[in-house]
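> Following this message is one structure expressed as structure tokens.
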Amino acid sequence: GENVEQHPSTLSVQEGDSAVIKCTYSDSASNYFPWYKQELGKRPQLIIDIRSNVGEKKDQRIAVTLNKTAKHFSLHITETQPEDSAVYFCAARTMEYGNKLVFGAGTILRVKS
Amino acid sequence: KAGVTQTPRYLIKTRGQQVTLSCSPISGHRSVSWYQQTPGQGLQFLFEYFSETQRNKGNFPGRFSGRQFSNSRSEMNVSTLELGDSALYLCASTAGGGLNTEAFFGQGTRLTVV
């Protein structure tokens with residue numbers, strides 16, 4: 001089955017700097033890759049997603065890139081702000097398994113002001 | 001549009017007991033998936049229900065079961081609770097049989113087994 005690895009496990013950046021989180025997946029049939037942000041005590045919320053027919057997607061300060069050949073995808077946050085501090089999860093979904101999401105272990109992002 | 005609603009928010013149970021958790025998806029959504037979240041294991045997929053049928057199942061023991069009703073509301077049940085079942089249980093609602101659509105999470109049920 002699918003396996004998703006996520007790095008780094010923790011990331012500290014200065015306010016205004018960029019943050020990059022990387023994930024690799026194992027199943028070449030995976031075709032949907034969402035990123036979730038989870039603040040302490042709250043539900044995971046989708047911040048951006050990308051489908052396998054697209055290489056890059058941007059939404060204001062957030063971007064995701066996908067390299068299908070290498071089977072990895074990355075989250076880029078520019079001009080980080082203290083409110084970006086949270087746990088970020090990448091995930092992968094394979095058509096064969098319906099809406100099942102396989103998650104990475106998560107990255108704790110701390111933005112220091 | 002109301003979001004995904006999970007009840008109860010918190011539960012404390014004793015080892016050996018059983019528990020039932022409820023999830024009401026977004027109106028019109030037909031797929032409900034359940035996940036267990038723990039500090040050590042992250043988010044682990046339990047099962048998915050679509051149109052009252054279990055479509056996928058994760059690697060959890062048979063003590064974990066679920067069902068979905070005709071109004072798409074779903075319940076999951078854990079029997080013979082163990083201390084290791086203490087976790088945040090999240091459900092996610094997805095629009096339908098079409099794939100590649102966003103999953104919306106509920107607030108979760110925090111289960112503590114003592």
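> Determine, for each peptide in A:43-52, B:31-40, the mean count of other beta carbons within 10 angstrom over its residues, then list the peptides with the highest first. Spell out each step's value before the answer.
Numbers: A:43-52: 18.4, B:31-40: 20.1.
Order by mean packing, descending: B:31-40, A:43-52.
> How large is the convex hull of the C-alpha atoms of chain B per residue, in Å³? Mind showing how you got there, number by number?
On the way: hull volume 10.9 nm³, N = 114.
Hull volume normalised by residue count: 95 Å³.
> Here's another thing I want to ask about it. Binning every alpha carbon pair distance of the range A:48-113 at 10 Å from zero, what are the percents per bin?
18, 47, 29, 6, 0
> Once amide H atoms are built 1.01 Å from N in the peptide plane, which residues 5 or more positions from residue B:5, or in another chain, come under 5 Å H to H?
Placed amide hydrogens put B:24 under 5 Å from residue B:5.
> Enumerate the lysines that residue A:57 could reach by cross-link, defined here as Cα to Cα under 18 Å, with residues fewer than 8 away along the same chain left out.
A:22, A:37, A:68, A:71
> Write down the Kirkwood hydrodynamic radius of the protein assembly as shown, to one decimal in angstroms, obtained as one divided by the mean of 1/r over all alpha carbon pairs.
Working: mean 1/r = 0.0555 Å⁻¹.
Here the Kirkwood hydrodynamic radius works out to 18.0 Å.
> Considering every residue in A:87-99, what mean count of other chain Cβ atoms within 10 Å of its Cβ is obtained?
4
> Still on this structure, I have one more. 7 Å from Cα along Cα→Cβ at both residue B:53 and residue A:5: what's the point-to-point distance in nm?
3.7
> Separate question: Relative to the compact-globule scaling 2.2 N^0.38 Å, provide the ratio for the alpha-carbon radius of gyration of the range B:15-77.
Numbers: Rg = 12.0 Å, N = 63, 2.2 N^0.38 = 10.6 Å.
Compactness ratio reported: 1.13.
> Would you mind putting A:32-39, B:87-94, B:8-15, B:58-65 in packing order, based on average other-beta-carbon counts within 10 Å, highest first? Could you put the intermediate results ahead of the total?
Numbers: A:32-39: 20.9, B:87-94: 24.1, B:8-15: 11.9, B:58-65: 13.4.
Highest to lowest by the protection proxy: B:87-94, A:32-39, B:58-65, B:8-15.
> Between residue B:83 and residue A:26, take the C-beta separation as r, use R0 = 30 Å, and let me know the FRET efficiency to the nearest 0.05. Could you put the intermediate results ahead of the total?
Values: r = 31 Å, r/R0 = 1.05.
For residue B:83 and residue A:26, the calculated efficiency is 0.45.
> Could I ask something else about it? Taking the Cα centre of each part, how many Å lie between the range A:75-90 and the range A:3-65?
Cα centroid to Cα centroid, the span is 9 Å.
> Let me ask something else about it. How are the alpha carbon pair distances in chain A distributed across 5 Å bins from zero to the largest one, expressed in percent?
So the P(r) values, bin by bin, are 2, 13, 24, 25, 19, 10, 5, 1, 0.
> Next question. For the pair residue B:10/residue B:30, report the inter-label distance in nm, with labels modelled 7 Å from Cα in the Cβ direction.
Going from the residue B:10 label point to the residue B:30 one covers 3.8 nm.
> To make sure I understand the rule: partners must be lysines, Cα under 21 Å from the Cα of residue B:57, and not fewer than 8 residues away in the same chain. Which ones qualify?
A:100
> Taking each residue of B:36-45 in turn, how many C-beta atoms of other protein chains fall within 10 Å of its C-beta, and what is the average?
On the way: counts 0, 5, 0, 1, 1, 2, 8, 11, 2, 9.
The per-residue average across the peptide is 4.
> What average number of partner chain Cβ atoms lie no more than 10 Å from the Cβ of the residues making up A:6-12?
Values: counts 1, 0, 0, 0, 0, 0, 0.
Taking all residues of A:6-12 together, the mean is 0.
> While we're here: Take peptides B:16-23, A:18-25, A:58-65 and line them up by average Cβ neighbours within 10 Å, highest first, as a rough protection proxy.
A:18-25, B:16-23, A:58-65
> Let me ask you something else. As an exercise, use a Förster radius of 22 Å and the Cβ-Cβ distance of residue A:53 and residue B:102 to find the FRET efficiency, rounded to the nearest 0.05.
0.85
> Just need the relative contact order of chain B here, percent rounded to a whole number, with Cα pairs under 8 Å and 6+ apart.
On the way: 296 pairs, mean separation 41.3, N = 114.
Relative contact order for chain B comes out at 36 percent.
> Another question about this same structure. Using a cut-off of under 19 Å, list every residue of the range A:67-87 whose amide N is near the label point 7 Å from the Cα of residue A:17 along the Cα-to-beta-carbon line.
A:75-87, by backbone N distance to the label point.
> Given Cα positions, please report Rg to Rh for the range B:4-44, the hydrodynamic radius being the Kirkwood one.
1.02
A short reminder: the numbers here are calculations on the coordinates, not readings from a lab. It should be emphasised that the depicted structure is a prediction, and the values quoted were computed from it without experimental measurement. Because the Cβ atoms are built from the backbone with ideal geometry, glycine has one as well, and the counts that use them run over all protein chains shown.
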